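What follows draws every value from the coordinates through simple rules; no lab data is involved. For clarity, every value in this text was computed on a predicted model and none was experimentally measured. Note: ideal-geometry Cβ built from the backbone for every residue, glycine included; neighbour counts use all protein chains shown.
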Amino acid sequence: MKGILKKLNIKEVNAGACSGQGAWYEDPEGQELISHDPSTGEPIAKVIQATDKTYEKVIEQAVLAFKTWRMAPAPKRGQVVRDLGQALRESKEPLGELVTLEMGKIRAEGLGEVQEMIDICDFAVGLSRQLYGLTMHSERPAHRMFEQWHPQGAIGVISAFNFPVAVWSWNAAIAAACGDTTVWKPSSDTPLTAIAVQHICNTVMADHGLQGIFNLAIGRGAVVGERMINDERLPLISFTGSTQMGRRVSEAVARRFGRTILELGGNNAIIVAGDADLEMAVRTILFGAVGTAGQRCTSTRRIIMHRSIAQELTGRIIKAYEQVKIGNPMEEGTLMGPLVTKAAVEDMMAALEIAKNQGGEVIYGGRRLEDLGQQFVEPTIVKMPSQTEIVHNETFAPILYLLEYEDIEEAIRLHNEVPQGLSSAIFTTNLLTAEKFLSHEGSDCGIANVNIGTSGAEIGGAFGGEKETGGGRESGSDAWKGYMRRQTNTINWSKELPLAQGIKFGD
Amino acid sequence: MDIDISLDMSVEEIVERYPEAVSFLSRRGVRCIRCGEPLWCTLGELLHDDGIEDPQGLIQELAEYMRKRRDQAQDSK
């Protein structure tokens, strides 16, 4: 552990607010936050959280830096992002291992998360030469009409524990290419990965003679989070977290006419049709439901399976679950590590109790694995008689609910019945069924897949969902537009002053 | 360790100090953590939002429940 921390400049006690190299801010009144290894419960290192005073310093720097950063040509900004991607390549192994150490996902997933950061940097470098605006034909003679995309300002990024670094990079790399600066409030469960990333950013910024492009403010949501969402100097807040918190963020930011990008809860299902390739379906379900210990926004939480294959599919899923090695996430061969906190274990156990009260039958797992550590649990399968209230709720744990259907219309109805709308999938070999699922009478989610699962999105596509998932889009495609402000321009290159709609006024 | 819970405590602090509170409250229809993260409000605000009519009574029950769980944990050592 010490080797990883040393490579990433993590000290025993770390300042929790920063604007660049030599600009770590520590207030003696700042409260201490201890980061724990979820596998052992042992403390890893401490962070002095941001106070009002240090938060203020961070914001001032971010706002100040924006004034010069926005004037750098976008391709020049892209060069800084390119160097950030390169620095992340060089730190991939220790940073990925720190992700594993601090939040408990397996090492392969920790490394994969850093690869995602590298990928989004590559994407943002290309984007820095493609921030296109449209040109429209004016209805007035000798006029030219077009639109430009301008940087917005200092942007608040509030991320969650489950992707402690990748989600920041989806926002920060794109925002930087767009000419924005960012202020990052990471989850209080994963402050050290954020500090490690900030050190990497500091080196890259210093190499370019910059400060304040990437900024950090670690602290409780009730302190730093509330300050950010009510801060008029942050025109955009990108928030990743629960629907309940998203509602609070959305209301606070809307009150001051700020903008939000919301990536909130999911309750993702896979429909398995009677004609599906069950071998593929089972492998996908296993990764989707057990990967990251069921703590992804896109984790598979519901299986809606055709009655004709329900028994066989259930048997195969159980067999696959029996092979899952649970334990130290750093060890080769482990497929599932611990849950992030003791509270997460409590939440899972309460959900299982409620599911049983609502007629659910636990057909696999359901227990704590205290021999391994206080935060280890069995991945769990619950057969439900119907889609009861607990199934409508997202529980951030490896619980998989099984439901059956008779015809595809019923499957889609069950699928869309939940309030969330993030990711969805269908397994079928029938083209018509697949197209129906992807059509506007099919899945109501932001992500809909055929013969691949609900989790494991690529950075090239826009990531986000509908309904209570919040409607925001991050990462690829044209999600960059959310980080810029659109300006419509008209230039009159004649000596006349024609009005639109043919209006005559004072002629 | 004494159990010290009040309505003006932040949910973040309660979840950190008393993780056992999560399952008790969840069974009463009050969810402190969503998407694995604690909500930012105070316990009082959360209970109000979830329509709990006697919040003071509920936190007394909660404190009692937690004392029992800690005693059980102590006994099993």
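Quickly work out the A:Ile503-to-A:Glu332 label distance, labels modelled 7 Å from Cα along the C-beta direction, and quote it in nm with one decimal.
For the pair A:Glu332/A:Ile503, the computed spacing is 7.4 nm.
Using the Kyte-Doolittle scale, find the helices of chain A whose mean hydropathy is at least -0.5 and whose Cα atoms extend 27 Å or more along the helix's long axis, counting only whole DSSP H runs.
Span-like helices in chain A: A:107-127.
Determine the sum of side-chain charges near A:Lys11: Lys and Arg each +1, Asp and Glu each -1, restricted to other residues whose C-beta is under 12 angstrom from that of A:Lys11.
Cβ neighbours under 12 Å give a net charge of +1.
Report the FRET efficiency, 1/(1 + (r/R0)^6), for B:Lys68 and A:Thr488, where r is their Cβ-Cβ distance and R0 is 56 Å, rounded to 0.05.
Step by step, r from the Cβ atoms, then E = 0.30.
Arranged by the count of other C-beta atoms within 10 angstrom, fewest first, what order do A:Lys436, A:Lys504 take?
A:Lys504, A:Lys436
Considering only DSSP states other than H, G, I, E and B, which GluC sites (Glu not before Pro) in the stretch A:1-79 qualify as loop sites with at most 13 other Cβ atoms within 10 Å?
Those satisfying the criteria are A:Glu12, A:Glu29.
Calculated FRET efficiency, A:Met1 and A:Leu134, Cβ-Cβ r, R0 51 Å, to nearest 0.05?
It comes out at approximately 0.45.
At 222 nm, what helix-only mean residue ellipticity would the protein assembly as shown give, in deg cm²/dmol to the nearest 500, using -39500 (n - 2.57) for each DSSP H run of four or more?
Roughly -12000 deg cm²/dmol at 222 nm, from the helical runs in the protein assembly as shown.
Would you mind counting up the charge near A:Trp493? Only other residues with Cβ under 12 Å from its Cβ, with Lys and Arg at +1 and Asp and Glu at -1.
Once positives and negatives cancel, what remains is +2.
Between A:Ile452 and A:Met71, 0.36 nm times their residue separation minus their Cα-Cα distance comes to what?
132.9 nm
Grab the other residues whose beta carbon is less than 15 angstrom from that of A:Glu322, score K and R as +1, D and E as -1, and report the net.
Taking every other residue near A:Glu322 into account, the sum is +4.
Cross-link candidates for A:Lys76: which lysines have Cα within less than 23 Å, leaving aside residues fewer than 8 places away along the same chain?
Partners found: A:Lys67, A:Lys481.
Please find the FRET efficiency linking A:Thr388 to A:Gln311, where r is the Cβ-Cβ separation and R0 is fixed at 25 Å, and quote it to the nearest 0.05.
The value I calculate is 0.70.
Among A:Asp231, B:Asp75, A:Asp83, what is the fewest-to-most ranking by other Cβ atoms within 10 Å?
The order, fewest Cβ neighbours first, is B:Asp75, A:Asp83, A:Asp231.
Count neighbours as other Cβ atoms within 10 Å of each site's Cβ, and list the chymotrypsin sites (Phe, Trp or Tyr not before Pro) in the stretch A:429-507 that are DSSP loop with at most 11 such neighbours.
A:Trp493, A:Phe505
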